[in-house]
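*Asks:* One structure, pasted below without further comment.
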Amino acid sequence: MIKRIVFMAAMLATTAIMMVGQAPSPDEQKGIQAIQEAAPKGVDAMAAAVDDFAAKFPNSPLKPAVLSATGDAYESTGNAARAMIYYQSALDADPKHYYSMLMLASEIARGTKEFEIDEAAKTAKLNKAEKYAKDGLALLATAPKPNPAATDEQWNTLKKDDEARAHEALGMIAMLRKKNDVAISEFKQAVQVGVSPQPTAMIRLAGAYTDSAKFTEAMAELDKVIAIPGLPAAYKQVAENEKKRAAQLKAQADGKK
C-alpha cells in the first residue's frame, strides 16, 4: 500500500499539469516536492504536506488536483471517511471538479446501508450521491482536454473510465432503492463504457441479475470476472462466492418448478 501512495505522490506534479494545463510555479513545485518527500512516511504524512500546500497556496489552480489525489490515496487504504473529506475539499476549491463529484457519489453510495434506522437520512444521502454522479457526468461530457500535450486516446480513455465510475455509482444507488432493472442498466453501461476491466461493476451487475432471478446471466457475468487476467485474489473470492449464491438460488427455483 505504501508503494501505491508513493507512486501517487510522485505523479502529483504530472497530475497537476494535466488538470490545469500548466507547469507549477517554482514555489508550488517546492510544495509538491514536499508532498512527494512525505509520501514514503504514509498517507497521513502525505496529507499533512498537502494541507500545508493548500494553506500556502489557497488560490492555486493546482489545489483541486493535489486534494483529490490525496482523496485517492486515502481511498486506496480503505479510509472512506478521510477520502471524502479531501474529495469534498477539492470540490470546494473547484465546484466543477467532476472527478471529485464522481468519487463522492461512489463513496456515499458504497457507505449507505440497505437497512438504516433513519430512512429519511438514507434517502437524502442517495439523492445527494445521485446528483453528484449526474452532475459529474454532465461536466465530463463537455470537459475540454486538460493538457494539450495529452493524446486524444489518453483523454478518451480517462473520460470513459470516469464515465464507467459514474454509472457504477448510479447502479449502486438504484440497488439501494430496490430498482433492479435500473441497476442492471447502469452496471451494464459501466462495464461496456470502461476501457479498463471493471470487476467491481461486473460483480455488482451479476448481483443485480441474481436479485432479479436472472441466474444464468449472473453466472455468465461472474465467469467473465474470474477469467480476467491478473485478477486480485480478493475480487476472485467475491466473484466465486457470488456465483455460488446464484447457483444455489437457481437450484432452489428449479426445484419449485
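*Asks:* Scan region 125-151 residue by residue and report those that are part of a helix (DSSP H, G or I) and either over 17 Å from Ala190 (Cα atoms) or touching a Phe, Trp or Tyr at 6+ places or on another chain (Cβ under 6 Å) (or both). If you could, list the steps in order and put the result at the bottom.
*Replies:* Step one: of region 125-151, the residues part of a helix (DSSP H, G or I) are 125-142.
Result: Lys125, Leu126, Asn127, Lys128, Lys131, Gly136, Leu139, Leu140, Thr142.
*Asks:* If we only count helices (runs of 4 or more DSSP H) wholly inside region 26-124, which ones have 2 or more residues that are within 24 Å of Leu170 (Cα to Cα)?
*Replies:* It comes to 63-76, 80-93, 98-111.
*Asks:* Yes or no: Ala45 among the aliphatic types (A, V, I, L, M), at pLDDT below 95 and surrounded by 21 or more Cβ atoms within 10 Å (Cβ to Cβ)?
*Replies:* On the way: among the aliphatic types (A, V, I, L, M): yes; at pLDDT below 95: yes; surrounded by 21 or more Cβ atoms within 10 Å (Cβ to Cβ): no.
No.
*Asks:* Somewhere in region 170-179, is a residue part of a helix (DSSP H, G or I), more than 19 Å from the chain's Cα centre (by Cα) and without any contact (Cβ under 8 Å) to a residue 40 or more places away in the chain? Even if it seems obvious, please write down each step before you answer.
*Replies:* Looking only at region 170-179, we keep the residues that are part of a helix (DSSP H, G or I), and these are 170-176.
Checking which are more than 19 Å from the chain's Cα centre (by Cα) leaves us with none.
No, that holds for no residue.
*Asks:* So, one more: Report, by residue number, each residue of region 208-253 that is in a loop (DSSP other than H, G, I, E, B) and not β-branched (Val, Ile, Thr).
*Replies:* Within region 208-253, the first condition is being in a loop (DSSP other than H, G, I, E, B), and the residues that meet it are 212-214, 227-232.
Once the filter is applied, which keeps residues that are in a loop (DSSP other than H, G, I, E, B) and not β-branched (Val, Ile, Thr), region 208-253 yields Ser212, Ala213, Lys214, Ala227, Pro229, Gly230, Leu231, Pro232.
*Asks:* Could you please let me know if Phe215 is in contact (Cβ under 8 Å) with a residue 12 or more places away in the chain, closer than 17 Å to Ser106 by Cβ and crowded, with 17+ Cβ neighbours inside 10 Å?
*Replies:* So Phe215 does not fit the description; no.
*Asks:* Report yes if Ser76 is over 20 Å from Glu186 (Cα atoms) and under 14 Å from the mean Cα position of the chain (by Cα), otherwise no.
*Replies:* Values: over 20 Å from Glu186 (Cα atoms): yes; under 14 Å from the mean Cα position of the chain (by Cα): yes.
Answer is yes for this residue.
*Asks:* Could you list, in sequence order, the residues of region 195-221 that are touching a Lys or Arg at 6+ places or on another chain (Cβ under 6 Å) and at pLDDT below 95?
*Replies:* Residue satisfying the conditions is Val195 alone.
*Asks:* Hey, any hits in region 178-194 for a residue that's over 20 Å from Met84 (Cα atoms), modelled with pLDDT of 95 or more, of a type in the set (A, V, I, L, M, F, W, C) and surrounded by fewer than 17 Cβ atoms within 10 Å (Cβ to Cβ)?
*Replies:* Yes, the conditions are met somewhere in region 178-194.
*Asks:* Also, I was wondering about something else. Can you pull out every residue in region 103-161 that is within 19 Å of Thr200 (Cβ to Cβ), surrounded by 14 or more Cβ atoms within 10 Å (Cβ to Cβ) and acidic (Asp, Glu)?
*Replies:* Once the filter is applied, which keeps residues that are within 19 Å of Thr200 (Cβ to Cβ), surrounded by 14 or more Cβ atoms within 10 Å (Cβ to Cβ) and acidic (Asp, Glu), region 103-161 yields Glu107, Glu130, Asp161.
A quick yes/no check of all residues on (1) in contact with a helix residue (DSSP H, G or I) (Cβ under 8 Å, 6 or more places away or on another chain); (2) over 18 Å from Arg110 (Cα atoms); (3) of a type in the set (A, V, I, L, M):
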| site | (1), (2), (3) |
| --- | --- |
| Ala143 | yes, yes, yes |
| His167 | yes, no, no |
| Ala174 | yes, no, yes |
| Arg177 | yes, no, no |
| Ala190 | yes, no, yes |
| Gln198 | yes, no, no |
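*Asks:* Same structure again: If we scan region 225-235, do we find a residue that is more than 23 Å from the chain's Cα centre (by Cα) and over 27 Å from Lys125 (Cα atoms)?
*Replies:* no
*Asks:* Taking Ala55 as the residue in question, decide whether it is surrounded by fewer than 20 Cβ atoms within 10 Å (Cβ to Cβ) and closer than 19 Å to Leu104 by Cα. Explain how you work it out, then say what you get.
*Replies:* Details: surrounded by fewer than 20 Cβ atoms within 10 Å (Cβ to Cβ): yes; closer than 19 Å to Leu104 by Cα: no.
Against the criterion (surrounded by fewer than 20 Cβ atoms within 10 Å (Cβ to Cβ) and closer than 19 Å to Leu104 by Cα), Ala55 does not qualify.
The values are calculated or read from the model by the stated rules, or taken from the named source; none is laboratory data. Computed from a predicted model, the values in this text were never measured in an experiment. When we count neighbours, we look across all protein chains shown, and the Cβ atoms used for this are built from the backbone with ideal geometry, even at glycine.
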